[in-house]
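J.: One structure is given below, represented as structure tokens, and several questions about it will come after.
The values are calculated or read from the model by the stated rules, or taken from the named source; none is laboratory data. Note that this is a predicted model, so its numbers are computed, not measured. Here the Cβ positions follow ideal geometry from the backbone for every residue, glycine too, while neighbour counts run over all protein chains shown.
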């Protein structure tokens with residue numbers, strides 16, 4: 001079964017300045033909760049373009065996970081998509097959309113994901129869903145703090 005998570009945050013900055021923050025892969029570490037011990041393994045700086053692949057390492061409940069993402073759509077400053085090539089999910093597609101209105105930018109995240117070991121993996125869906133909601137709640141606050149300085 002494919003699940004969807006959708007969230008957004010609006011910040012008082014223009015679209016180009018906002019998108020530039022996301023175009024720097026090193027910023028991903030600061031918008032990921034510290035308890036995940038997230039770090040980028042790929043040598044930096046990373047030139048983000050369509051087809052670029054980025055390797056990460058993180059810890060979840062004490063278990064070390066390796067993750068590789070590929071940028072499958074890169075359309076600055078309005079959209080980019082990253083997809084898991086290797087990692088814990090059977091499917092992970094993260095769509096990032098940016099919309100500017102009245103000198104503010106709305107950042108919309110939409111994630112389509114499928115848990116491993118279907119149908120047995122669905123047993124842990126409530127736990128995974130709760131975890132993803134907490135991660136994206138942290139992410140919204142961290143984006144605000146990073147870009148707006150509050």
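J.: Please state which one of 7, 42 is more than 18 Å from residue 111 (Cα to Cα) and either part of a loop (DSSP other than H, G, I, E, B) or at pLDDT 95 or above (or both).
T.: The conditions single out 42.
J.: Given the conditions (1) free of Cβ contacts under 8 Å to residues at least 24 places away in the same chain; (2) farther than 22 Å from residue 13 by Cα, and given that residue 97 satisfies all but one, which numbered condition is not satisfied?
T.: In the conditions (1) free of Cβ contacts under 8 Å to residues at least 24 places away in the same chain; (2) farther than 22 Å from residue 13 by Cα, residue 97 misses (2) alone.
J.: Another one. Could you run through region 45-75 and say how many residues are touching a residue at least 24 places away in the same chain (Cβ under 8 Å) and part of a loop (DSSP other than H, G, I, E, B)?
T.: Result for region 45-75: 3.
J.: Still on this structure: As an exercise: evaluate residue 133 against (1) surrounded by 14 or more Cβ atoms within 10 Å (Cβ to Cβ); (2) at pLDDT 95 or above; (3) out of contact with any strand residue (DSSP E or B) (no Cβ under 6 Å at 6 or more places or on another chain); (4) in a helix (DSSP H, G or I) and give the number of the one condition it does not meet.
T.: Only one criterion in (1) surrounded by 14 or more Cβ atoms within 10 Å (Cβ to Cβ); (2) at pLDDT 95 or above; (3) out of contact with any strand residue (DSSP E or B) (no Cβ under 6 Å at 6 or more places or on another chain); (4) in a helix (DSSP H, G or I) is unmet by residue 133, namely (1).
J.: Evaluate the following for residue 21: is it under 25 Å from residue 105 (Cα atoms) and crowded, with 16+ Cβ neighbours inside 10 Å?
T.: yes
J.: Can you confirm whether region 76-90 contains a residue that is assigned to a strand (DSSP E or B), touching a helix residue (DSSP H, G or I) at 6+ places or on another chain (Cβ under 9 Å) and under 21 Å from residue 129 (Cα atoms)?
T.: No: zero hits.
J.: A further question follows. Quick check: is even one residue across region 26-37 in a strand (DSSP E or B), free of Cβ contacts under 8 Å to residues at least 60 places away in the same chain and touching a strand residue (DSSP E or B) at 6+ places or on another chain (Cβ under 6 Å)?
T.: The answer is no, given that none of the residues of region 26-37 is in a strand (DSSP E or B), free of Cβ contacts under 8 Å to residues at least 60 places away in the same chain and touching a strand residue (DSSP E or B) at 6+ places or on another chain (Cβ under 6 Å).
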